[in-house]
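Take a look at the structure below.
The values are calculated or read from the model by the stated rules, or taken from the named source; none is laboratory data. Since this is a predicted model, take the numbers as computed values, not measurements. All Cβ positions, glycine included, derive from the backbone under ideal geometry; neighbour counts span all protein chains shown. Surface accessibility is based on the protein's heavy atoms, side chains included, excluding ligands, DNA and RNA. Shrake-Rupley method; radii C 1.70, N 1.55, O 1.52, S 1.80 Å.
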Amino acid sequence: EGKLWLGTYYGGLNRFDRETGTFWRYVPMANEPGSISQNIVRAFCQDSDGTLWIGTYGGGLDRYDREKDSFTHFRATTSPGTSAPGLTNDYIFAILEDRDKNLWIATWGGGLNRLARDRKTFTSVTKQNGLPSDNIYAILEDGKGNLWMSTTAGLTRYNPKDQSIRNYMETD
């Protein structure tokens, strides 16, 4: 749509309009629930529906509503309007939409989270499930649908279909 989105460290989310050459800055605003949740933006993902997801460092996951020009927040407490599980951690380093349109969120300290969009709830994969660390830097999908994650304790391949995990360490 002719827009360039920029995440900053303490400068919020910036949108550059290429046609007009102007910037618009989104920053957290007290008493405005529709403002972005945090000034530190670490990750972006535009999903197949065109929805923009923003991963913040300490403010959780934000979904941007283009029509309302506002944000919905998903935090490490509960999901909006429900008593269902939220994120496992509000520090997000990466977001990925896989081939099956699942949204995966890599967190710092909370492992891997999957958003069930229809219920607005999250499920997680953590050290308890076999990850070598709950600190995930990045996530990619391979041609077979496996998710590859870089963590503070090595590289991990996760198969979402059978939930199997294979960790690769320095010795590998």
Exercise. Would you mention how many residues in the stretch 95-108 are more than 12 Å from GLY55 (Cβ to Cβ) and either at pLDDT 95 or above or among the charged types (D, E, K, R) (or both)?
Key: 5
Practice problem: For the stretch 63-82, state whether one or more residues are crowded, with 16+ Cβ neighbours inside 10 Å and more than 18 Å from THR121 (Cα to Cα). | Solution: yes
Self-check item: Criterion (at pLDDT 95 or above, more than 22 Å from VAL41 (Cα to Cα) and in contact with a Lys or Arg (Cβ under 8 Å, 6 or more places away or on another chain)) met by exactly one of THR123, THR156
Solution: THR156
Quiz prompt | Cβ-Cβ under 8 Å pairs, at least 6 apart or on other chains, the stretch 1-15 side among the β-branched types (Val, Ile, Thr), far side assigned to a strand (DSSP E or B) | solution = THR8/ASN14; THR8/ILE40; THR8/VAL41
Quiz item: Identify, please: which residue in the stretch 119-161 is closer than 18 Å to GLU97 by Cα and of a type in the set (Asp, Glu) and is, among those, surrounded by the most Cβ atoms within 10 Å (Cβ to Cβ)?
Solution: GLU141
Exercise. Just name the residue that is surrounded by the fewest Cβ atoms within 10 Å (Cβ to Cβ) out of those in the stretch 1-28 that are under 16 Å from GLY60 (Cα atoms) and of a type in the set (A, V, I, L, M).
Key: VAL27
Quiz item: Can you name the number of the only condition in (1) farther than 30 Å from GLN128 by Cβ; (2) open to solvent by 40 Å² or more (accessible area, probe 1.4 Å); (3) at pLDDT 95 or above that ASN31 fails?
Solution: (3)
Practice problem: Considering only the stretch 30-67, state which residues are within 12 Å of ILE105 (Cβ to Cβ) and of a type in the set (Gly, Ala, Ser). | Solution: ALA43, GLY55, GLY60
Practice problem: Please specify each residue of the stretch 34-58 satisfying the condition of being open to solvent by less than 50 Å² (accessible area, probe 1.4 Å) and of a type outside the set (A, V, I, L, M, F, W, C). | Solution: GLY34, SER35, SER37, GLN38, ASN39, ASP47, GLY50, THR51, GLY55, THR56, GLY58
Quiz prompt | Contacts under 7 angstrom Cβ, first residue in the stretch 140-156 being free of Cβ contacts under 8 Å to residues at least 12 places away in the same chain, partner surrounded by fewer than 18 Cβ atoms within 10 Å (Cβ to Cβ) and not aromatic (Phe, Trp, Tyr), 6 or more apart | solution = TRP148/LEU140; TRP148/ASP142; TRP148/LEU155; TRP148/ARG157
Practice problem: Provide a single number: the residues in the stretch 60-94 that are at pLDDT below 90 and β-branched (Val, Ile, Thr). | Solution: 3
